[in-house]
Amino acid sequence: MKHPLFIYNTLTRRKEHFVPLNEDRVGMYVCGPTVYGDPHLGHARPSITFDILFRYLQQLGYKVRYVRNITDVGHLEHDADEGEDKIAKKARLEQLEPMEIAQFYTRRYHMAMDALNVLPPSIEPHATGHIIEQEELVKEILANGYAYESNGSVYFDVEKYNRDHHYGKLSGRNLEEVKNASRELDGVGEKHNQADFALWKKAQPEHIMRWPSPWSDGFPGWHCECTAMGRKYLGNHFDIHGGGMDLVFPHHECEIAQAVASQGDDMVHYWMHNNMITINGQKMGKSLGNFITLEQFFNGDHAALTQAYSPMTIRFFILQAHYRGTADFSNDALQAAEKAYERMMDGWHRLLALKAAPSSSITLEDYATRCAEAMNDDLNTPVVIATLFDACRVINQVNDGSATLSQADIDSLKQLFTTYLFNVLGLRDNASGEGNGIDLTPYQKAVELLLEVRRNAKAAKDWGTSDLIRDRLAEAGFDIKDTKDGVEWKVR
């Protein structure tokens, strides 16, 4: 199976023709959340980015095994090797079991992803469920001479590895730059070199989360989980590994080193990274007071927000920017995204209501080809959205009576929107049920029946009944708009 899909490979720093290792199957691993707090915007962008890739690969006809992990151990407070486990710390402060914390926030994450219409992965492994695999990985690296034990902990020997291979090839750093950055930390301690990173950490007496190992009762280093779980579910060599660009160094750099040190060669063919999210031009952070959870966006309960924003507004906004470009969230930008999303859905609703003419008075562009070319150009979702808006302009011309379309052309536009707006971009339409997986036909029939009663009331000059139906529908969340040709309605 061959498709003209090009994706940007962070490892080679260029767009490359995507050729899977197996002809019709794709293995994809994406770093998932650390579940110690409510999901926020930082979770939304990679989840939506790789949801788009997952959807589009399936649209092209590939069978995709999509693995997205849950980090529920080993993600430490200060850096990858020092400090207290974030989940364990929260559990200690709230006097709960660590798995209670992990389970609670995993459910919250899933709820937010469902709201954003992010498809569930094929497999969602947890780090704590794969301690044995991580220990085996550490044993292999030790046996190959690229790690050492120190006081019950095991560290990766970066300097020795760099002599035989290249540590820093993903991030573009050399070992001296890594060492210089590492010298800012206090003391070498157990490590031979401050640039070395932990594969296994001996647990201190107060550390709650611990497992037995040949070296000590302890826990795996943060970087081990993705290498071990990716290899378990996708094999020693797989197609795509993704995540946010903040993971390029050290996390993904360390993953490459672990894979080569354990099995002798690279595990991943294409590395993909989405860019960061800023708020009003600033990096999102609790210390800056601009840290906003997804739930706060959905209900508007944050001092920095002037209103609530629907999950589809958030998704639409993210898709308006290319995944490798920055996305700056502000109230103005989100309000603009909300209006644009509503215009798009208005175009879809008008398309559903169009009456076919014997022939078309205008020639439709090949919108489907334009959308396919944009998606094949490294998932260029902004161009897909612009193309769909071009199609909306034609729909509006026909709706206004200044042009006509045949049934075949109307059907082709419906297929265009179904394929790219709903199936590929993953947007939902509450009014028609498209993209929801829910049949809203009975509700549509009920609203149409009420609007028919309202039309009859207006014809009889029964303005009281007409206004009552309009107002009650508005209270129920339906926007009713009278036009010269009748009435338009949508779910608010």
**Message:** Give the aspartates and glutamates whose C-alpha is closer than 13 Å to that of K169, dropping any in the same chain fewer than 8 places away, or say none.
**Reply:** E177, E253, E255, D266
**Item:** Proxy reagent accessibility, fewest Cβ within 10 Å first, across F422, F238
**Value:** F422, F238
**Two-decimal log10 I(q)/I(0) for the stretch 231-294, as the Debye equation yields it once each C-alpha is a single scatterer, q = 0.17, 0.20, 0.25, 0.27 Å⁻¹** = -0.69, -0.81, -1.06, -1.18
**Packing-based order for 452-458, 151-157, 261-267, using average beta carbon neighbours within 10 Å, highest first** = 151-157, 261-267, 452-458
**Asked** Over all pairs of distinct alpha carbons, what does the Kirkwood formula give as the hydrodynamic radius of the stretch 279-424, in Å?
**Response** 16.9
**Asked** So how far apart, in nm, are the two label points at N162 and T326 if each is 7 Å from Cα heading toward Cβ?
**Response** 2.9
**Item:** Formal net charge of residues neighbouring D462 (Cβ-Cβ distance under 12 Å; K, R +1; D, E -1)
**Value:** +3
**Item:** For D462, distant residues with modelled amide H under 5 Å away
**Value:** none
**Length added when fully stretched, E82-D411, from 0.36 nm per residue minus Cα-Cα** = 112.5 nm
**Message:** I need the shape label for the stretch 332-375. Rule: rounded when a/c is under 1.5, else prolate if a/b > b/c, else oblate, with a, b, c from the alpha carbon gyration tensor.
**Reply:** oblate
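Strictly greater than 21 Å: what percent of every Cα pair in the stretch 1-160 meets that?
60
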**Message:** Percent of Cα-Cα pairs more than 27 Å apart in the stretch 198-328, please.
**Reply:** 45
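Rounded to the nearest 5, what % of DSSP beta bridges with both residues in the chain are antiparallel?
Once the DSSP bridges in the chain are tallied, antiparallel ones form about 55 percent.
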**Fill in**
With M111 itself left out, Lys, Arg at +1 and Asp, Glu at -1 over residues whose Cβ is under 14 Å from its Cβ give -1
**Local net charge near L305, Cβ-Cβ under 13 Å (Lys/Arg +1, Asp/Glu -1)** = -4
**For the stretch 6-274: rounded, prolate or oblate by the Cα gyration tensor [a/c cutoff 1.5]** = oblate
**Message:** Cα atoms only: what Rg and Dmax, in Å, come out for the stretch 307-347?
**Reply:** 10.0, 29
**Complete:** Mean projected area (nm²) from the convex hull of Cα positions in the chain is 26.6
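Could you rank the peptides 2-15, 117-130 by their average count of other C-beta atoms within 10 Å per residue, with the highest value first?
Packing order, densest peptide first, comes out as 117-130, 2-15.
DSSP loop GluC sites (Glu not before Pro) in the stretch 136-241 with at most 13 other Cβ atoms within 10 Å of their Cβ, which ones?
Details: sites: E136, E140, E149, E159, E176, E177, E184, E190, E206, E225; in loops: E184, E190, E206.
The qualifying sites are E184, E206.
Read-outs: derived from the displayed coordinates by stated rules, not from any lab. Computed from a predicted model, the values in this text were never measured in an experiment. Neighbour counts run over all protein chains shown; Cβ positions are idealised from the backbone, glycine included.
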